[in-house]
Structure formats: C-alpha cells, structure tokens
Amino acid sequence: MLPKNRIAELRKARGWTQSDVAARLGGKVAVSTVSKLERGDRQLTLSWAKRFSDVMNCEITDVFQEPSEGTFARGTFSVERVTVIGAVAGGIWKSPETLFSPEEENFQIRVPINSEYLTRSRFAVCVRGVEMNRRFSAGDLLVCVRLEGQYEELQVNSLVLTKTSNHNGQIELAIKRFENNGEAWLWPESDHPLNQQPVPLSDPGVEIYGLVIASYCSEFPLR
C-alpha cells in the first residue's frame with residue numbers, strides 16, 4: 001500500500017487545475033502523471049514529493065499527511081527542522097560514497113521538538129524495501145538520534161537504525177527491532193521470506209547507528 005497523499009487537496013485549496021500543477025512542475029510533466037500521482041496509481045517518490053512541496057510552497061511532509069494536532073499543526077508544538085539523510089532498505093548494499101542518493105539528500109522536514117533528545121544529533125531517513133513492512137510502508141519518514149555505541153540505554157523492542165558492513169566494503173542501512181534475552185539481537189519485522197533472519201549485535205560487521213524516536217506519513221504508526 002502506498003502512503004496517502006494530499007496533492008489534490010493542496011491543489012484545490014490553491015484554485016489550481018491538474019494542468020496548472022503540471023505546468024508549474026515543468027520538465028514537460030504530463031497532466032496524466034499528476035492525475036496518477038494524486039490517485040495513488042503511481043508511487044509518490046521523495047523526488048516527486050519535493051517537487052510538489054516546492055511548487056505548493058509547503059513542507060514535504062504536508063504532501064503526504066494532513067497536519068493535525070499531535071503531528072505537524074503549526075502553533076500546537078514547538079517545531080524544529082531535521083535533515084533527511086537518505087533511504088534505508090534491508091538487503092540493499094552500497095559503497096560508502098553512494099550510500100545516499102542525490103534525490104534524498106539536502107532537504108528538511110519540520111517535526112515537533114522532543115525535549116528528551118535536545119542535546120543529541122537528530123536526523124531522518126526514508127523507508128524503502130520490505131524488511132520492516134509489518135510496521136512501516138515505503139515512503140515513511142523516521143526521525144532518529146545518533147547513539148554512537150550507547151547501547152546500554154536501549155530498551156527491549158526499541159527500533160534502531162543499523163549500519164552493516166560486508167567483506168567488500170559495502171554498507172547496508174536498515175531498521176530493526178532490538179531484543180535482549182541475555183544476548184542482544186536485531187530483528188526485522190517483515191512478511192518477506194528473505195527478510196526474516198535476526199542478526200546478533202555481537203556480529204563484528206554490525207553497529208547501531210541511531211535510535212528511532214518518531215515516524216511520520218505512515219499507514220502503520222510507530223507503536
């Protein structure tokens with residue numbers, strides 16, 4: 001299931017037709033493309049969402065999800081901007097220099113400030129793949145804080161961003177659930193047969209890069 005979007009609502013609020021939006025997007029974008037993206041017949045990638053947010057002068061998160069009390073309502077919370085550093089997808093291995101694709105770098109989202117983590121480095125990632133599809137959908141944005149080896153503060157069932165290196169020097173970024181029954185394990189939550197194997201935290205190629213503290217634009221809210 002693709003994340004819901006508000007393209008049609010935002011467009012109509014501005015009094016624009018689909019043709020108006022297509023023209024404003026530039027690059028010979030077809031009206032049929034705008035229509036398919038509005039209906040969810042075509043996947044709304046981060047690249048497309050950023051183009052719509054630029055045209056409509058709104059936050060990229062507003063394209064996916066309606067601001068409401070408890071999420072992005074301006075004036076309801078003190079908010080901050082965090083940078084989306086790239087995508088996470090279990091089973092996708094990249095070289096360090098290509099870990100983050102250009103379309104997913106250098107844009108920010110507005111999120112409520114979490115006072116518990118004011119002194120910690122915060123960032124966001126976008127979910128790809130099926131490794132955590134029992135909990136998150138493609139396109140969900142997860143806000144994280146850096147851990148830098150501070151594993152002792154993790155609670156059972158915490159969601160963490162893992163960074164795994166293989167013998168070829170490639171890196172995988174993924175989201176997993178932390179378990180500790182005397183030995184620490186990292187579990188995916190997937191209905192895909194190839195993405196159900198837990199990984200011991202003692203594996204020398206695995207490190208916990210960050211702790212997930214919030215999720216947005218999700219069909220499956222953070223529990």
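The values are calculated or read from the model by the stated rules, or taken from the named source; none is laboratory data. Just so it is clear, the structure is predicted and the values come from calculations on it, not from any experiment. Ideal geometry is used to build each Cβ from the backbone, glycine not excepted, and the neighbour counts take in all protein chains shown. The protein model used for the area step is the full one, side chains on, heavy atoms only, and it has no ligands, DNA or RNA in it. Shrake-Rupley method; radii C 1.70, N 1.55, O 1.52, S 1.80 Å.
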Pairs, first more than 16 Å from Ser53 (Cα to Cα) in the range 24-39, second hydrophobic (A, V, I, L, M, F, W, C) and surrounded by fewer than 16 Cβ atoms within 10 Å (Cβ to Cβ), C-beta under 7 Å, six or more apart: none
Selection count, the range 182-205, where residues are surrounded by fewer than 19 Cβ atoms within 10 Å (Cβ to Cβ), in contact with a strand residue (DSSP E or B) (Cβ under 9 Å, 6 or more places away or on another chain) and among the aliphatic types (A, V, I, L, M): 2
Scope the range 183-199; condition modelled with pLDDT under 85 and farther than 19 Å from Val88 by Cβ; matching residues: Pro193
Residues within the range 118-136 that are surrounded by fewer than 18 Cβ atoms within 10 Å (Cβ to Cβ), modelled with pLDDT of 80 or more and out of contact with any Lys or Arg (no Cβ under 8 Å at 6 or more places or on another chain), tallied: 1
Hey, Glu179 surrounded by fewer than 18 Cβ atoms within 10 Å (Cβ to Cβ), of a type outside the set (S, T, N, Q) and not in a loop (DSSP other than H, G, I, E, B) or not: yes
Qualifying residues in the range 137-167 (those that are touching a residue at least 60 places away in the same chain (Cβ under 8 Å) and open to solvent by 20 Å² or more (accessible area, probe 1.4 Å)) - the one nearest to Pro96 (Cα to Cα): Asn166
Residues that are at pLDDT below 90 and hydroxyl-bearing (Ser, Thr, Tyr), drawn from the range 137-163: Ser137, Tyr151
